[in-house]
Amino acid sequence: MCLALIQFKAAQSLLLTCLQQSADMASPDSEMAVFGEAAPYLRKSEKERIEAQNKPFDAKTSVFVAHPKESFVKGTIQSRESGKVTVQSEAGETLTVKEDQIFAMNPPKYDKIEDMAMMTHLHEPAVLYNLKERYAAWMIYTYSGLFCVTVNPYKWLPVYNPEVVLAYRGKKRQEAPPHIFSISDNAYQFMLNDRENQSILITGESGAGKTVNTKRVIQYFATIAASGDKKKEDQSGKMQGTLEDQIISANPLLEAFGNAKTVRNDNSSRFGKFIRIHFGATGKLASADIETCKRLSWPDPIPSQIPTSICVAVPNSVLPSLTDLLEKSRVTFQLKAERSYHIFYQITSNKKPELIDMLLITTNPYDYHYVSQGEVTVPSIDDQEELMATDSAIDILGFTPDEKTAIYKLTGAVMHYGNLKFKQKQREEQAEPDGTEVADKAAYLMGLNSAELLKALCYPRVKVGNEYVTKGQTVEQVNNAVGALAKAVYEKMFLWMVIRINQQLDTKQPRQYFIGVLDIAGFEIFDFNSFEQLCINFTNEKLQQFFNHHMFVLEQEEYKKEGIEWTFIDFGMDLAACIELIEKPMGIFSILEEECMFPKATDTSFKNKLYDQHLGKSGNFQKPKPAKGKAEAHFSLIHYAGTVDYNITGWLA
């Protein structure tokens with residue numbers, strides 16, 4: 001009897017163990033095991049979620065309340081009287097506000113929800129608090145209906161490991177936690193299933209993490225759609241990378257020459273780019289190409305059909321037509337808390353001493369005016385390590401030794417240009433060189449004759465009718481010409497590199513579809529905002545208009561289909577006034593172009609024309625408000641993302 005009882009207990013214990021193991025296998029926690037060490041950063045355990053849902057909560061008195069310093073805080077209603085509500089915040093502060101300044105709180109089961117569109121009460125404080133609480137738990141990705149919202153953690157998280165890539169492969173959006181890889185995989189699956197091109201739009205302010213997420217999208221496609229081709233040799237017999245290697249290597253090269261430290265971001269892309277990843281009929285990588293952003297234009301009327309794979313994703317037929325928006329002014333000028341393009345500091349890091357000798361430079365950036373007006377080091381960036389990554393990327397991408405040398409020499413020449421000195425001739429306004437040593441170095445690196453270079457700067461030839469006339473230049477005019485030359489050389493080199501990368505990524509393999517990734521330059525408001533910043537913010541304004549018009553119009557079309565009563569709102573019109581102020585006839589660009597045609601035009605005459613045409617007539621054009629310690633500004637524009645003060649000094653140079 002005892003033996004039978006023991007055997008029964010053992011069998012019962014074994015059965016319970018099996019049932020427990022089966023339950024564990026079916027639990028959400030076991031499903032997360034495939035994500036490895038990334039699991040806690042993507043979704044919290046079932047135990048934590050249950051504990052959060054059991055918090056005490058009173059739907060009638062628990063609210064968010066507007067706060068003068070914190071925007072919104074959580075609190076409990078104490079009383080209501082005469083249209084006023086008294087709320088005690090969680091910190092113990094008593095606030096008395098109007099009825100429209102309190103917002104209902106969602107039940108605890110919605111805490112850290114993965115898709116905010118599922119909230120019972122969907123409003124600004126609920127969205128902000130959900131993002132804040134998920135961010136505090138290091139869950140940086142959150143869905144909001146059609147969108148994937150990312151909050152930059154400014155630290156490395158293990159959410160991009162190889163096992164995470166594999167875990168998202170083939171998963172529908174609702175089957176896995178929010179992630180950029182899920183957006184990528186859905187775009188890939190839609191492309192294969194619907195036989196249509198897809199695009200992923202990555203937008204946000206400077207420092208939001210657009211470039212990092214762009215790199216992760218490319219990493220995902222390069223991993224799941226690898227062609228499997230072996231490494232190939234170039235004409236010199238040197239081994240190049242595979243197509244996947246080359247697509248990934250395009251980023252460090254473009255970042256070295258196109259990224260810089262800004263006030264808010266240590267590695268800010270100072271250009272926009274649209275990257276197309278081409279695939280064959282079976283979904284294997286075929287080739288890729290990159291467009292950098294210069295202007296925005298799209299068909300009119302804009303097609304209304306939009307695919308549902310988003311981050312946000314939009315149809316390629318309506319994507320902007322894009323070519324170069326490199327911030328050229330940074331080549332010759334930086335604010336105190338900023339830095340020029342990374343490549344200058346990588347070269348002077350002395351990791352490759354042969355570059356110092358070849359470029360006739362020193363290892364001290366402060367010896368070169370153009371690259372030392374702000375900071376020369378960034379704590380989060382190892383310039384020596386980055387130089388090796390840049391140098392390796394050039395090789396992987398198949399640049400020839402001569403092309404590689406030319407890239408470095410042109411970069412060195414730009415550094416020397418900033419040290420050119422000129423003086424005024426006695427009793428004349430004509431400028432002349434103040435020494436030729438620097439000009440000799442710059443001319444040597446560019447393959448020019450030093451004397452001819454200086455002559456062209458001091459005595460430029462201008463075509464008048466059918467004849468050329470030699471024109472005299474003042475010292476200021478020559479310095480402006482040198483700056484323009486340095487910016488032009490750098491820009492044209494950058495564009496040539498993009499063209500050369502595209503040639504290398506063009507494998508001639510059959511292409512069937514592509515997925516485009518648009519990484520636009522982020523909207524910014526600095527203390528000092530000049531012409532390039534206006535161009536960047538204008539580009540963002542147009543992109544935001546496109547974004548608002550299409551995504552929200554699409555949503556409203558869905559409401560109509562479902563029979564929901566809804567007053568149609570054209571969200572794209574919010575930005576029309578500012579866009580027209582900049583680009584339409586007699587707008588800012590038009591007046592600037594007109595002023596550039598008059599030799600006697602000055603910054604003052606340009607400013608006066610702007611004020612005459614727009615001050616008091618356009619609500620988006622304002623006179624800047626002076627403040628102590630604030631940089632000089634000449635006019636203000638009310639953009640969609642905020643009011644920006646612009647300085648017009650040098651726009652006509």
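The values are calculated or read from the model by the stated rules, or taken from the named source; none is laboratory data. Since the model is a prediction, treat every value here as computed from it, not as a measurement. Positions of Cβ are generated from backbone atoms using ideal geometry, with glycine treated the same way; all protein chains shown enter the neighbour counts.
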_Just the residues that are farther than 20 Å from Asn130 by Cβ, polar (S, T, N, Q) and in contact with a Ser or Thr (Cβ under 8 Å, 6 or more places away or on another chain), please, taken from the stretch 70-100._
Gln78, Ser79, Thr86, Gln88, Thr94, Thr96
*Find all pairs meeting these conditions: Cβ atoms under 6 angstrom apart; at least six residues apart or on different chains; first residue within the stretch 47-74 and over 17 Å from Gln101 (Cβ atoms) and free of Cβ contacts under 8 Å to residues at least 60 places away in the same chain; second residue assigned to a helix (DSSP H, G or I) and among the charged types (D, E, K, R).*
Gln53/Lys109
_Cβ contacts < 8 Å: first residue closer than 19 Å to Leu146 by Cβ and touching a residue at least 60 places away in the same chain (Cβ under 8 Å), restricted to the stretch 107-122; second residue hydroxyl-bearing (Ser, Thr, Tyr) and buried (at least 16 other Cβ atoms within 10 Å of the Cβ), any location; separation 6+ or different chain. Result?_
Glu114/Thr142; Glu114/Tyr143; Asp115/Thr142; Asp115/Tyr143; Asp115/Ser144
*Listed residues Lys463, Lys441, Lys455; which is outside any loop (DSSP other than H, G, I, E, B), of a type in the set (Lys, Arg) and under 38 Å from the mean Cα position of the chain (by Cα)?*
Lys441
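Of the residues Lys607, Lys617, Lys600, Lys630, which is surrounded by 12 or more Cβ atoms within 10 Å (Cβ to Cβ), of a type outside the set (S, T, N, Q) and over 16 Å from Asp527 (Cβ atoms)? Break it down stepwise before answering.
On the way: Lys617 fails: surrounded by 12 or more Cβ atoms within 10 Å (Cβ to Cβ); Lys600 fails: surrounded by 12 or more Cβ atoms within 10 Å (Cβ to Cβ); Lys630 fails: over 16 Å from Asp527 (Cβ atoms).
One residue alone meets the criteria, Lys607.
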*Being of a type outside the set (D, E, K, R), more than 18 Å from Gly642 (Cα to Cα) and either touching a strand residue (DSSP E or B) at 6+ places or on another chain (Cβ under 8 Å) or at pLDDT below 80 (or both) is the filter here, so list the residues in the stretch 564-587 that pass it.*
Ile564, Trp566, Thr567, Phe568, Ile569
*asked:* Suppose the filter is surrounded by 16 or more Cβ atoms within 10 Å (Cβ to Cβ) and among the hydroxyl-bearing types (Ser, Thr, Tyr); does Ser79 pass it?
replied: no
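Hey, can you tell me all the residues within the stretch 328-360 that are aliphatic (A, V, I, L, M) and crowded, with 24+ Cβ neighbours inside 10 Å?
The initial filter retains those residues of the stretch 328-360 that are aliphatic (A, V, I, L, M), namely 331, 335, 337, 343, 347, 355-356, 358-360.
Within the stretch 328-360, Val331, Ile343, Ile347 meet the criteria.
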*asked:* Considering only residues that are within 25 Å of Met118 (Cα to Cα) and either assigned to a helix (DSSP H, G or I) or not aliphatic (A, V, I, L, M) (or both), which ones fall in the stretch 141-168?
replied: Tyr141, Thr142, Tyr143, Ser144, Gly145, Phe147, Cys148, Thr150, Asn152, Pro153, Ala167, Tyr168
*Since Asn466 meets every condition but one in (1) within 28 Å of Glu291 (Cα to Cα); (2) surrounded by fewer than 18 Cβ atoms within 10 Å (Cβ to Cβ), which condition does it not meet?*
(1)
*Could you list, in sequence order, all residues of the stretch 93-140 that are out of contact with any helix residue (DSSP H, G or I) (no Cβ under 6 Å at 6 or more places or on another chain), acidic (Asp, Glu) and not in a strand (DSSP E or B)?*
Glu93, Glu99, Asp100, Glu114, Glu124, Glu133
*Applying the selection to the stretch 361-376, what residues are of a type in the set (A, V, I, L, M, F, W, C) and either in contact with a Ser or Thr (Cβ under 6 Å, 6 or more places away or on another chain) or crowded, with 24+ Cβ neighbours inside 10 Å (or both)?*
Val371
*Within the stretch 395-418, can one find any residue that is crowded, with 16+ Cβ neighbours inside 10 Å, farther than 30 Å from Ser287 by Cβ, of a type outside the set (Asp, Glu) and touching a His at 6+ places or on another chain (Cβ under 6 Å)?*
yes
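So which of Ser30, Ser79 ends up being in a strand (DSSP E or B) and either among the small types (Gly, Ala, Ser) or more than 25 Å from Ala176 (Cα to Cα) (or both)?
Working: Ser30 fails: in a strand (DSSP E or B).
On inspection, the qualifying residue turns out to be Ser79.
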*Does the stretch 615-635 contain at least one residue that is in contact (Cβ under 8 Å) with a residue 12 or more places away in the chain and acidic (Asp, Glu)?*
yes
*asked:* For the stretch 171-194, which positions are touching a helix residue (DSSP H, G or I) at 6+ places or on another chain (Cβ under 7 Å), hydrophobic (A, V, I, L, M, F, W, C) and either more than 13 Å from Phe221 (Cα to Cα) or not in a helix (DSSP H, G or I) (or both)?
replied: Ala176
_Condition (residue is closer than 30 Å to Pro433 by Cβ and outside any helix (DSSP H, G or I)) applied to the stretch 396-419: is it met by at least one residue?_
yes
*Matching residues, the stretch 469-492, being crowded, with 17+ Cβ neighbours inside 10 Å, of a type outside the set (D, E, K, R) and under 20 Å from Gly447 (Cβ atoms)*: Ala481, Val482, Leu485, Ala486, Val489, Tyr490
_Of everything in the stretch 384-395, what is under 21 Å from the mean Cα position of the chain (by Cα) and either part of a loop (DSSP other than H, G, I, E, B) or charged (D, E, K, R) (or both)? Give them in sequence order._
Glu386
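Among the residues of the stretch 564-583, is any surrounded by 17 or more Cβ atoms within 10 Å (Cβ to Cβ), assigned to a helix (DSSP H, G or I), touching a residue at least 24 places away in the same chain (Cβ under 8 Å) and touching a Gly at 6+ places or on another chain (Cβ under 8 Å)? Talk me through it step by step, then tell me what you get.
Keep residues of the stretch 564-583 that are surrounded by 17 or more Cβ atoms within 10 Å (Cβ to Cβ), which gives 571-572, 575, 578-579, 581-582.
Add one more test, that the residue is assigned to a helix (DSSP H, G or I), and what stays is 571-572, 575, 578-579, 581-582.
Retained after the next criterion (residues that are touching a residue at least 24 places away in the same chain (Cβ under 8 Å)): 572, 575, 578-579, 581-582.
Right, trim to touching a Gly at 6+ places or on another chain (Cβ under 8 Å) and you get 581.
Yes: one or more hits.
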*asked:* So in the stretch 41-72, with the set limited to residues that are part of a helix (DSSP H, G or I) and not aliphatic (A, V, I, L, M), which one is nearest to the chain's Cα centre (by Cα)?
replied: Tyr41
*State all residues of the stretch 43-76 that are surrounded by 17 or more Cβ atoms within 10 Å (Cβ to Cβ) and among the β-branched types (Val, Ile, Thr); if no residue qualifies, say none.*
Val63, Val65, Val73
*Select the helices (runs of 4 or more DSSP H) contained entirely in the stretch 236-355, then report the ones holding at least 1 residues which are at pLDDT 50 or above and within 22 Å of Tyr188 (Cβ to Cβ).*
243-258
